[in-house]
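Please read the structure below before turning to the comments.
The values are calculated or read from the model by the stated rules, or taken from the named source; none is laboratory data. Remember, predicted model here, so these are calculated numbers, not experimental data. Cβ: placed from backbone, ideal geometry, glycine included. Neighbour counts: every protein chain shown.
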Amino acid sequence: MRMIVRGARLREDHGLFDVEVAEDGRIARVVPYDDQKEPPATGTLIEAHGSLLCAPFVEPHIHLDTALTAGEPRPNASGTLWEGIACWSERKRTLTREDVVARATEVLRWQAAQGVLHVRTHCDVTDPSLTALDALLEVRDRVRDIMTLQIVAFPQEGIVSFPDGEALLREAVARGADVVGAIPHFEDTREDGVASLRTAFALAEEHGLRVDAHCDEIDDEQSRFVEVLATLALRSGLRERATASHTTAMGSYNGAYSFKLQRLLARSGINLVSNPFANLNLQGRFDAYPKRRGLTQVKEMLAAGVNVAFGHDDVMDPWNALGTANPLQTALVGLYAAQLTGVEEIPLAFSMVTDRAARVLGLSEAEYGITAGAPASFVLLPAPTPQEALRRQVRPRYVVARGSVLAQTPPAPTVLSWPGEARSEIDFGHPLG
Ligand SMILES: [Zn+2]
């Protein structure tokens with residue numbers, strides 16, 4: 001046995017379990033914990049003491065190419081999506097391979113340390129040199145043994161409206177991008193937007209790839225490209241291999257149209273990714289009061305049976321000067337922004353940065369989960385439940401990638417001297433358990 005995690009709590013089951021990892025880095029067995037049984041003499045032993053063991057976090061939407069460029073060459077003064085794109089367009093001219101590799105790798109290191117082992121990054125391909133794409137392809141290879149990195153060929157400045165936009169998108173796919181992107185609401189006209197989605201789907205079908213479009217990221221109730229994306233997904237058969245990211249215009253749609261859309265999206269099988277940090281920040285900037293939240297219809301689409309995940313999106317770039325790539329932070333902000341605060345909704349928010357996000361990336365059950373035969377990639381969270389992990393915003397005590405410990409965070413207790421009591425550690429738990 002290569003490793004054993006003893007006495008862990010799993011999300012699906014009550015009781016405690018031992019998870020045994022075979023020499024090949026896969027989970028050999030999951031068996032009920034027996035406190036009378038001696039641990040094996042060889043292999044790595046992790047005593048879970050009832051902590052929550054789950055499959056790693058999944059980041060369904062980040063921009064590793066733009067990460068860590070906030071303020072370069074100038075800050076985004078208006079805070080809008082549009083000025084962010086303009087700032088990035090200037091910064092993009094100075095990109096080098098080393099620059100992109102260093103920044104992307106640093107954020108991947110933060111992610112790994114926080115238990116994110118599957119990542120979908122968008123990469124701007126409206127750059128005639130495709131410098132960032134080549135750099136990210138190199139990074140993807142370098143992290144292959146510990147993390148899955150999917151790269152979306154993302155035409156930040158358009159497919160139809162940017163010079164040679166389609167040719168650059170095709171070239172990005174030829175060089176090895178995993179997913180085809182689009183940005184229909186940024187195209188010059190409605191017709192250009194529709195054409196851009198048709199191009200993206202055709203290219204994906206031609207190469208057997210997935211589609212993930214930045215779609216309707218605008219507070220314009222007239223922006224209705226998600227219906228086009230869903231219809232193309234349905235009719236092409238791409239279905240759950242297609243994702244609409246952001247869809248913030250949906251936060252402004254009227255009730256009658258929303259009802260129609262819920263039915264269409266559920267039938268189409270597409271995924272939605274909501275990015276609460278970015279859109280709480282960017283949207284509503286042209287509103288007086290009342291000011292819109294700028295999020296998609298998270299609760300309503302979940303209720304309609306649509307797969308919805310939460311993404312972190314920007315990390316210290318022109319669209320968000322802050323950001324840590326911490327998925328529990330994303331989920332916490334998302335659950336408040338979308339009011340997923342009911343007792344059954346809080347664990348749902350946790351699933352939106354784990355298994356629901358895994359569905360966006362297309363990870364199969366054989367690749368993702370605490371089950372025999374799956375890769376032994378998991379996180380041990382110092383909390384008994386997803387709700388407590390979210391509330392306390394814990395960092396994984398252990399991050400294990402394919403049977404090897406990748407990151408460890410020892411407990412760092414806060415000691416409190418409370419009047420009339422001996423100094424004691426405080427863990428923000430409920431005193432009655
Ligand atoms: Zn994005």
Out of Val379, Val394, Val405, Val400, report the one residue that is under 21 Å from Glu47 (Cβ atoms), in contact with a Cys (Cβ under 7 Å, 6 or more places away or on another chain) and in contact (Cβ under 8 Å) with a residue 24 or more places away in the chain. Val379
Of the conditions (1) under 29 Å from Leu272 (Cβ atoms); (2) among the small types (Gly, Ala, Ser); (3) in a helix (DSSP H, G or I), the single one that Ser78 does not satisfy is (3)
Please list, ordered by first then second residue, the pairs with beta carbon atoms under 7 Å, 6 or more apart or interchain, first in the range 345-369 and without any contact (Cβ under 8 Å) to a residue 12 or more places away in the chain, second basic (Lys, Arg) and in a helix (DSSP H, G or I). none
Residue list for the range 172-219, restricted to those being of a type in the set (D, E, K, R), outside any helix (DSSP H, G or I) and farther than 22 Å from Leu130 by Cα: Asp188, Asp216, Glu217, Asp219
Which pairs have Cβ atoms under 9 Å, sit 6 or more apart or on different chains, and link a residue in the range 210-232 that is within 12 Å of Ala244 (Cβ to Cβ) to one that is aromatic (Phe, Trp, Tyr) and in a strand (DSSP E or B)? Asp212/Phe154; Ala213/Phe154; His214/Phe154
Looking only at residues that are within 17 Å of the chain's Cα centre (by Cα) and outside any helix (DSSP H, G or I) in the range 378-392, which one is surrounded by the fewest Cβ atoms within 10 Å (Cβ to Cβ)? Phe378
Return a yes/no flag: does the range 130-148 have any residue that is out of contact with any helix residue (DSSP H, G or I) (no Cβ under 7 Å at 6 or more places or on another chain), more than 24 Å from Ile183 (Cβ to Cβ), surrounded by fewer than 22 Cβ atoms within 10 Å (Cβ to Cβ) and of a type in the set (Lys, Arg). yes
Of all residues being within 17 Å of the chain's Cα centre (by Cα) and either in a loop (DSSP other than H, G, I, E, B) or free of Cβ contacts under 8 Å to residues at least 60 places away in the same chain (or both) in the range 233-247, which is farthest from the ligand (Cβ to nearest atom)? Just the residue, please. Ala242
Taking Glu83, is it crowded, with 18+ Cβ neighbours inside 10 Å and under 20 Å from Val399 (Cβ atoms)? no
Taking the range 144-171 and keeping only residues that are closer than 16 Å to Glu59 by Cβ and either touching a Gly at 6+ places or on another chain (Cβ under 6 Å) or part of a strand (DSSP E or B) (or both), one is left with Thr148, Leu149, Gln150, Ile151, Val152, Phe154
Looking at the range 201-217, can you tell me whether even one residue there is more than 16 Å from the ligand (Cβ to nearest atom), among the hydrophobic types (A, V, I, L, M, F, W, C), touching a Pro at 6+ places or on another chain (Cβ under 9 Å) and at pLDDT 95 or above? no
Taking the range 277-324 on its own, how many of its residues are away from the ligand (no atom under 16 Å from the Cβ), under 17 Å from the mean Cα position of the chain (by Cα) and either in a strand (DSSP E or B) or of a type in the set (S, T, N, Q) (or both)? 2
From the residues in the range 90-137 that are in contact with a strand residue (DSSP E or B) (Cβ under 9 Å, 6 or more places away or on another chain) and among the polar types (S, T, N, Q), which one is farthest from the ligand (Cβ to nearest atom)? Gln114
Identify the single condition in (1) in a helix (DSSP H, G or I); (2) within 15 Å of the ligand (Cβ to nearest atom); (3) touching a Leu at 6+ places or on another chain (Cβ under 6 Å) that Ala230 does not satisfy, given that it satisfies every other one. (2)
Members of the range 25-68 that are crowded, with 23+ Cβ neighbours inside 10 Å, part of a loop (DSSP other than H, G, I, E, B) and of a type outside the set (A, V, I, L, M, F, W, C): Ser51, Pro56, His63, Asp65, Thr66
Residue count for the range 325-335, restricted to those that are more than 13 Å from the chain's Cα centre (by Cα) and either within 16 Å of the ligand (Cβ to nearest atom) or touching a residue at least 60 places away in the same chain (Cβ under 8 Å) (or both): 2
Considering only the range 258-268, I want to know if a residue exists there that is closer than 19 Å to Asn307 by Cβ, more than 16 Å from the ligand (Cβ to nearest atom), touching a residue at least 40 places away in the same chain (Cβ under 8 Å) and crowded, with 23+ Cβ neighbours inside 10 Å. yes
Take the conditions under 23 Å from Leu149 (Cβ atoms), in contact with a helix residue (DSSP H, G or I) (Cβ under 6 Å, 6 or more places away or on another chain) and either of a type in the set (Ser, Thr, Tyr) or not in a helix (DSSP H, G or I) (or both) and apply them to Val353. Does it pass? yes
